[in-house]
Amino acid sequence: MQDNPFETRRELRARKLVVGGILAFIATVIIVLIFFRYSRDAPLPKALTGLFLYAFFFLFNFGALSRAGLSYDRLFGTFPTWRTLGCYSLWVVPLVVLAIAAIYVLYLPLSYVFPGFVKSWYLEDSITMIWRRGDNYILANVINYLTIVLVAPVLEEFFARGILLTRWTVKWGVPRAILASSVVFALLHTNYLGAFCFACAMAILYIRTKSLFIPMSLHIVNNLTAWIMESLTLDTDVTISYETIAEFQESWMIGLITLVISIPCVILFWRRYILKTDWRVPYLIEPTGREDTTNDDAQ
């Protein structure tokens, strides 16, 4: 087996990614303050802020990845057939339902205890995906679409599942690595519980299929679905957001229905992908001994 940079080098330690994230945040703030000092609340500066953040994060960590001698073929695995990707993408539907259920499981009880927190963090601070007005709002929507649907899924899966999961597997073993990397992923999103469940599912599929293209594809389809749902609400009078705590609490039936639907989906996922799984992380196994299980799993 070739030298494993996750075991023999220091460049791929998780703390370096944290430092890169902090530097990326600082660089993004500086750029926004310099170039968009008087218009940072407009659509275009907001859209560019997200894109800059991901771009700087990648740039600040690219050097460490290059010095470590990372094998991208081993990390990404085999590209599956398009039919296989399509079959796996069907899991986006139950994952979206689970994400909605997770919102209610987490925030509905909190809305009675800490209504101010739920209102400010969830109801008012949700990320804008599509703007209908404002200076350069069309260009902002294009940039936001590329960031949310393409850039974010690829980079998040690469670093969260490819780098963090592998590195922490070396340190703590697979179960703890899945939990730890999923917690980090969840902390970067508003729906903590839903993002945590999604991250666990992506980690399991990555380990199960030995292909990072699978979670990347599902992540792309998942974000695309969210984008489409948001765009549909703009063209109709239907809204899926709530302006007050009372409106959110009155919609508890949606949470109950989605939770009931999610339970059999979770059981099916457990039986299909968790039981009898080869729990070796792709990068940590002999490349010539890797078996392509993506086609079989997707059937």
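The values are calculated or read from the model by the stated rules, or taken from the named source; none is laboratory data. Model, not experiment: these values are computed from the prediction. We place every Cβ from the backbone using ideal geometry, glycine too, and count neighbours over all the protein chains shown. When the accessible area is computed, the model is the full protein with side chains, heavy atoms only, and any ligands, DNA or RNA have been set aside. Shrake-Rupley method; radii C 1.70, N 1.55, O 1.52, S 1.80 Å.
What the table below lists for this structure:
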| read-out | value |
| --- | --- |
| For the range 268-274, Karplus couplings with θ = phi - 60° (6.51, -1.76, 1.60), whole Hz, Gly/Pro x | 5, 4, 4, 5, 7, 10, 9 |
| Ellipticity estimate at 222 nm from DSSP helix runs (n ≥ 4, -39,500 (n - 2.57)) divided over the chain, nearest 500 | -20500 deg cm²/dmol |
| Per-residue ³J(HN,Hα) for the range 76-83, Karplus 6.51 cos²θ - 1.76 cosθ + 1.60, θ = phi - 60°, Hz, x for Gly and Pro | 7, x, 7, 6, x, 6, 5, 5 |
| Cleavage-rule hits, chymotrypsin sites (Phe, Trp or Tyr not before Pro), the range 20-101, DSSP coil, Cβ neighbours within 10 Å at most 12 | TYR38 |
| Rounded to whole Hz, the Karplus (6.51, -1.76, 1.60) HN-Hα couplings of the range 203-214, x for glycine and proline | 5, 5, 5, 5, 5, 5, 8, 6, 9, 6, 5, 5 |
| Where the chain is the region considered: accessible area per residue in Å², 1.4 Å probe | 54 Å² |
| With eigenvalues of the C-alpha gyration tensor scaled by 5 and rooted, the chain, Å | 32, 26, 18 |
| Span from the the range 126-150 Cα centroid across to the the range 68-108 one, whole angstrom | 23 Å |
| Lys, Arg +1 and Asp, Glu -1 on Cβ, resulting dipole of the chain about Cα centre, debye, nearest 20 | 1020 debye |
| Computed magnitude of the charge dipole of the range 193-274 (debye, nearest 20; Cβ of K, R +1, Cβ of D, E -1) | 880 debye |
| Solvent-accessible area, 1.4 Å probe, carbon plus sulfur percent, for the chain | 66 percent |
